[in-house]
Structure formats: structure tokens, C-alpha cells
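This report refers to the structure that appears directly beneath it.
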Amino acid sequence: MIVEDDAELRSLTASLLEDEQLDTIECESAEAALAVMLIGGREVVMIFADVRLRGVMDGIDLARELKMRWPYLSVVLTSGHPREHIGDLPPGVGYMPKPWQPLNLLIAAEEALASAH
């Protein structure tokens with residue numbers, strides 16, 4: 001699942017993963033992502049979310065909620081802001097600085113798939 005409020009970047013990220021035959025779900029907010037997970041997120045093996053999102057929840061709030069409910073779910077946050085300006089990440093949450101390299105995202109997705117099986 002890709003959680004990104006920038007529609008162009010969200011679509012580009014989804015295309016990158018889909019080119020590798022990985023199914024994606026696109027969400028523009030943390031609230032939408034959490035709703036998808038609560039309704040039927042059992043098939044989701046990884047969440048790739050921006051730290052800064054429009055809405056009440058940001059990416060860190062989302063990661064905290066996801067890890068509380070689904071502790072084995074792979075969650076990777078991304079941001080263009082320096083890591084030290086983001087604050088503490090919830091335990092078990094990965095971080096990938098923007099601009100990220102496509103290969104790094106694909107590796108993270110493949111690792112999440114491998115650990116989910």
C-alpha cells in the first residue's frame with residue numbers, strides 16, 4: 001500500500017511496483033489507509049507512507065497505529081526532510097529518505113513479501 005498525498009508521486013510509485021508484478025493499493029491519506037486496513041487489509045504485506053500527510057494523522061501516527069494493530073506488518077516511512085527533523089519512529093518501522101532510489105523501494109517490497117510467507 002502506498003500512502004502519499006502527492007497524486008503524481010503516488011501514481012509513479014504504484015507504477016514502479018506494478019511493473020514488477022506487485023499489486024498496489026493507493027491511498028492519499030493516513031485515514032484512508034487505516035480504513036482500508038480495518039476493512040480488509042489482510043492481503044497487505046507492506047505500507048510505504050510519506051511522513052507528512054494532509055489530514056489529522058501523519059505518517060508517524062499511521063505507522064504507530066498499524067504496528068499496534070498488526071505488529072508483523074512491514075511499514076516504511078519516507079520523507080524529504082532530514083531524518084533528525086522527523087522525530088522518533090515507532091519500533092520496527094523503516095525509513096527511506098527522499099529522493100529514494102527505485103531499487104531500494106523494490107528491495108523493501110520484496111523483503112516484505114518474503115517475510116509475509
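The values are calculated or read from the model by the stated rules, or taken from the named source; none is laboratory data. As the structure is a prediction and not an experimental result, all values here were calculated from the model. Here Cβ is always computed from backbone atoms with ideal geometry, including for glycine, and neighbour counts include all displayed protein chains. Note: accessible area is taken over every heavy atom of the protein model, side chains too, but ligands, DNA and RNA are not part of it. Shrake-Rupley method; radii C 1.70, N 1.55, O 1.52, S 1.80 Å.
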Seminar exercise, completed: Note to self: with every protein chain in place and a 1.4 Å probe, the chain gives an accessible area per residue in Å² of 57
For this session: Please report the relative contact order for the stretch 59-110, taking Cα pairs under 8 Å with a sequence separation of at least 6, and give it as a percent rounded to a whole number.
Result: 35
Exercise. Picking from S11, S74, C27, whose Cα lies most toward the positive end of the charge dipole for the chain (charges on Cβ: Lys, Arg +1; Asp, Glu -1)?
Worked result: S74
Problem set entry | Separation of the A7 and D88 label points, Cα + 7 Å toward Cβ, nm | 3.8
Exercise. For the chain, which whole percent of the accessible surface, found with a 1.4 angstrom probe, sits on carbon and sulfur atoms?
Worked result: 53
For this session: Report the full-extension gain for the segment E110 to M96: residue separation times 0.36 nm, less the Cα-Cα distance, to one decimal in nm.
Result: 3.5 nm
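Below 8 Å between Cα atoms, with a sequence gap of 6+, how large is the relative contact order for the chain in percent?
22
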For this session: Could you calculate the FRET efficiency of D23 with R54 from 1/(1 + (r/R0)^6), where r is the beta carbon distance between them and R0 is 25 Å, rounded to 0.05?
Result: 0.50
Exercise. Using +1 on the beta carbon of Lys and Arg, -1 on that of Asp and Glu, and nothing else charged, what's the dipole of the chain about the Cα centre, debye to 20?
Worked result: 400
